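Here's the structure, in structure tokens; my notes come after.
A short reminder: the numbers here are calculations on the coordinates, not readings from a lab. No experiment lies behind these values; they were computed from the predicted model shown. Because the Cβ atoms are built from the backbone with ideal geometry, glycine has one as well, and the counts that use them run over all protein chains shown.
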Amino acid sequence: MVYHAPGAGRAITDYFNSPAFSAPKESELLAAIMTELMRSGRRGTSNALIATVIARLEGETDEVRLQSYRSLLKQLLEEEAP
């Protein structure tokens, strides 16, 4: 069982909202998504990647991260186009 000290969630939120945090680049987002897919036992197919990026877009509110996800999605879709 993982124990989180009181206020740990707040500290994490504060970090992500601070100027010290910079949104990850598309390659870092892609690596994180691939890792997430592999850990969950899913294959890293194009469809799985695209679906995961879309799901993250739907839940994201930060404009900088939204733009990173949009850019990644655009790159993935361009690879799929004939």
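Taking the Cα centre of segment 23-80 as origin, work out the dipole magnitude from +1 charges on Lys and Arg Cβ and -1 charges on Asp and Glu Cβ, in debye rounded to 20.
Numbers: 8 positive and 10 negative charges, 46 e Å.
For segment 23-80, the charge dipole is close to 220 debye.
Residue exposure proxy: E26, E60, ordered by other Cβ atoms within 10 angstrom of their Cβ from fewest to most, comes out as E60, E26.
Find, to one decimal place in angstroms, the Kirkwood hydrodynamic radius of segment 23-80, where the mean of 1/r is taken over every pair of different Cα atoms and then inverted. Write out the running numbers ahead of the final one.
Numbers: mean 1/r = 0.0880 Å⁻¹.
Here the Kirkwood hydrodynamic radius works out to 11.4 Å.
In what sequence, highest mean first, do 39-46, 69-76 appear when ranked by Cβ atoms within 10 angstrom?
Working: 39-46: 9.9, 69-76: 17.1.
Highest to lowest by the protection proxy: 69-76, 39-46.
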